[in-house]
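Here is the structure we will look at.
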């Protein structure tokens, strides 16, 4: 079921790709940013993950705990993203994808932005072992410590997610949240 700003994110007890326990939303974090990506070696996803890596200090400084889900095995996530400065979670059966309404599309890469990201991603480390299939769409949630979803975005194509700057702006805006909603480029923010 798709979620919207103002909904409560389900309390998840998970294990990261490194075998550490993780609770989402993370108690004590100002915000938790949960992203649903595709398989671990997806060149489109890894183009975006590269921008997250380059901006890790800014993300952490903003009080945001980053969690990335992949529909790959635990072993694939651990080996492919062993140096990821964020928590990564394997969900090869797509249990949490289904629970949170993360969709699939056969036209996932037909958008020019997705094609460009795929070409850029081919220049970095990738693999074509598409655990869980190639058709997944991204989704992301910005969640307060109490579980309140402050902002949400369901991607319309494979490279349709917030940029780091957009995510940081949403985090800044969510600090002023009350009960109405604000729409920003396809994302709703609980205000």
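The values are calculated or read from the model by the stated rules, or taken from the named source; none is laboratory data. The structure displayed is predicted, hence computed values, not measured ones. For neighbour counting, all protein chains shown are included, and Cβ atoms are generated from backbone atoms with ideal geometry for every residue, glycine included.
Below, the figures for the structure above:
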{"quantity": "Any hit, segment 18-41, residues being over 21 Å from residue 148 (Cβ atoms), assigned to a helix (DSSP H, G or I) and either without any contact (Cβ under 8 Å) to a residue 24 or more places away in the chain or in contact with a helix residue (DSSP H, G or I) (Cβ under 9 Å, 6 or more places away or on another chain) (or both)", "calculated": "no"}
{"quantity": "Count - residues of segment 142-186 that are touching a strand residue (DSSP E or B) at 6+ places or on another chain (Cβ under 7 Å) and either modelled with pLDDT under 50 or under 16 Å from residue 51 (Cβ atoms) (or both)", "calculated": "10"}
{"quantity": "Hits in segment 143-159 (condition: buried (at least 20 other Cβ atoms within 10 Å of the Cβ) and out of contact with any helix residue (DSSP H, G or I) (no Cβ under 6 Å at 6 or more places or on another chain))", "calculated": "143, 149, 152, 153, 154, 155"}
{"quantity": "Condition check for residue 26: surrounded by fewer than 21 Cβ atoms within 10 Å (Cβ to Cβ) and touching a strand residue (DSSP E or B) at 6+ places or on another chain (Cβ under 6 Å)", "calculated": "yes"}
{"quantity": "Every residue from segment 22-53 that is over 16 Å from the mean Cα position of the chain (by Cα) and modelled with pLDDT of 90 or more", "calculated": "30"}
{"quantity": "Complete set of residues in segment 65-86 that are closer than 17 Å to residue 138 by Cβ and not in a helix (DSSP H, G or I)", "calculated": "66, 67, 68, 69, 70, 71, 72, 81, 84, 86"}
